[in-house]
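Participant: Before we start, here is the structure in question, set down as structure tokens.
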Amino acid sequence: MKLSASLPVLASAVLLRAATPAADPLEMQVADLVAGPQVTVVHFWAPWCPNCRAEKFLAANPDVKVVFLNIWHKGQDPAPRLAAAGLGEQPNLLLLTHPNPSRLAADRLNSFLGLPVTWVPTTWIYREGKLRVAFNYGEIRFPVLQQMVDDARNEWAH
């Protein structure tokens, strides 16, 4: 009798799982990157948007993986913008481009890894798969970013 009572619950769970769309491959790639033990910075940006210059940060932090995620890019190639800033060839930098180029609020990328993306640039700092710091509105100056990365390297005792 207990088994028959739980069958509707199991069936509902299976239907719910089947109705959930598969995870986006780009999100899965970034989720794998941030899951590692190292500090990872995920930086959402677009080539048309004035952006902080990150070459000083990358050189000072070779152990930190930095992912530039090109969003709302209107189809623009980010390589020239990065090259002009002296970026692109650093071993700890990974450039990814979201396939949806739209900047229109109705159909642009509005969330990533289950978190809202409301502005470019947006910068998230992860360690061991956990979001440690999120800057969701605008450019971050080098000393502030450096301090947050240093804090993310430290052990948390909570």
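FYI, it's all coordinate maths here, none of it is from the lab. Quick caveat, the model's predicted, so the values are computed rather than measured. Note that each Cβ is placed from the backbone with ideal geometry, even for glycine, and that neighbours are counted across all protein chains shown.
Participant: Are any residues in segment 120-144 in a loop (DSSP other than H, G, I, E, B) and in contact (Cβ under 8 Å) with a residue 40 or more places away in the chain, and if so, which ones?
Facilitator: So in segment 120-144, the residues in a loop (DSSP other than H, G, I, E, B) come out as 120-121, 128-129, 136-141.
Of everything in segment 120-144, those that are in a loop (DSSP other than H, G, I, E, B) and in contact (Cβ under 8 Å) with a residue 40 or more places away in the chain turn out to be 120, 121, 128, 129, 139, 140, 141.
Participant: Residues 70, 110, 100, 61: which one is among the polar types (S, T, N, Q) and either more than 16 Å from the chain's Cα centre (by Cα) or more than 21 Å from residue 28 (Cα to Cα) (or both)?
Facilitator: Details: 70 fails: either more than 16 Å from the chain's Cα centre (by Cα) or more than 21 Å from residue 28 (Cα to Cα) (or both); 110 fails: either more than 16 Å from the chain's Cα centre (by Cα) or more than 21 Å from residue 28 (Cα to Cα) (or both); 100 fails: either more than 16 Å from the chain's Cα centre (by Cα) or more than 21 Å from residue 28 (Cα to Cα) (or both).
When all the criteria are applied, what remains is 61.
Participant: Further question on the same structure: Tally the residues that are buried (at least 16 other Cβ atoms within 10 Å of the Cβ) and in contact with a Phe, Trp or Tyr (Cβ under 9 Å, 6 or more places away or on another chain), restricting the search to segment 68-91.
Facilitator: Summing the residues that are buried (at least 16 other Cβ atoms within 10 Å of the Cβ) and in contact with a Phe, Trp or Tyr (Cβ under 9 Å, 6 or more places away or on another chain) in segment 68-91 gives 10.
Participant: For the list (1) among the β-branched types (Val, Ile, Thr); (2) loosely packed, with under 14 Cβ neighbours inside 10 Å; (3) under 20 Å from residue 63 (Cα atoms), I need the number of the one condition that residue 118 fails.
Facilitator: Evaluating residue 118 over (1) among the β-branched types (Val, Ile, Thr); (2) loosely packed, with under 14 Cβ neighbours inside 10 Å; (3) under 20 Å from residue 63 (Cα atoms) leaves (3) as the failure.
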